[in-house]
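The values are calculated or read from the model by the stated rules, or taken from the named source; none is laboratory data. Predicted model only: the values in this text are computed from it and were never measured. Cβ atoms come from the backbone with ideal geometry, glycine included; neighbour counts cover every protein chain shown. When the accessible area is computed, the model is the full protein with side chains, heavy atoms only, and any ligands, DNA or RNA have been set aside. Shrake-Rupley method; radii C 1.70, N 1.55, O 1.52, S 1.80 Å.
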Amino acid sequence: MGKPVNPRRVGEKEALAVATTVRGSPYKLNLVAGLIRGKKVGDALNILTFSKKAMAIDVRKVLASAIANAENNHNLDVDALVVQEASVGKALVMKRFTPRARGRASRIIKPFSRIRVVVRELGDEAENA
């Protein structure tokens, strides 16, 4: 009996990695994620490694995790992988207060984001076309 098997959230030739609480705004993170959408994973890793944006470090970690999942869990060929999806969404927001002049206080918002990276193995028919 037991528990039913958890269904796959992506296709048969795809692997997924998610980071749920990345410290930084979704807007800044999405600028970096847009650099790697649709690129081969080798090119995407190079872009993220040499990017000047600080958020590139977190996106690179998630991409490396997706590549490792594809290789170890789904037996996909690493050389034929392409970044199918790199999406960013909102997570929690920490609210803090700081003292201001004349006894007032102002709010500081510290946003968190979530990153979802899906890599897909290209077939032979796609490479020849």
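Among Ala54, Ala105, which is the only one that is among the small types (Gly, Ala, Ser) and either closer than 19 Å to Tyr27 by Cα or touching an Asp or Glu at 6+ places or on another chain (Cβ under 6 Å) (or both)?
Answer to the selection: Ala54.
Out of all the residues in the stretch 7-61, which are part of a strand (DSSP E or B) and of a type in the set (Gly, Ala, Ser)?
Within the stretch 7-61, Ala15, Ala17, Ala19 meet the criteria.
Scanning for something closer than 14 Å to Ile115 by Cβ, touching a helix residue (DSSP H, G or I) at 6+ places or on another chain (Cβ under 7 Å) and open to solvent by 40 Å² or more (accessible area, probe 1.4 Å), does the stretch 36-46 turn up at least one residue? It would help to see each step written out before you state the result.
Pass one, the stretch 36-46, residues closer than 14 Å to Ile115 by Cβ: 36-37, 44.
Right, trim to touching a helix residue (DSSP H, G or I) at 6+ places or on another chain (Cβ under 7 Å) and you get 36, 44.
So of that shortlist, the ones also open to solvent by 40 Å² or more (accessible area, probe 1.4 Å) come out as none.
Checking the stretch 36-46: not a single residue is closer than 14 Å to Ile115 by Cβ, touching a helix residue (DSSP H, G or I) at 6+ places or on another chain (Cβ under 7 Å) and open to solvent by 40 Å² or more (accessible area, probe 1.4 Å).
Restricting attention to the stretch 76-84, does a residue exist that is small (Gly, Ala, Ser), within 18 Å of Lys13 (Cα to Cα) and at pLDDT below 95?
Scanning the stretch 76-84 turns up no residue that is small (Gly, Ala, Ser), within 18 Å of Lys13 (Cα to Cα) and at pLDDT below 95.
Got at least one residue in the stretch 91-111 being open to solvent by 80 Å² or more (accessible area, probe 1.4 Å), touching a residue at least 12 places away in the same chain (Cβ under 8 Å), closer than 19 Å to Gly11 by Cα and assigned to a strand (DSSP E or B)?
no
I need the full set of residues from the stretch 65-90 which are polar (S, T, N, Q) and assigned to a strand (DSSP E or B), in order please. Explain how you work it out, then say what you get.
At the first step, the residues of the stretch 65-90 found to be polar (S, T, N, Q) are 65, 69, 72-73, 75, 84, 87.
The answer is Gln84, Ser87.
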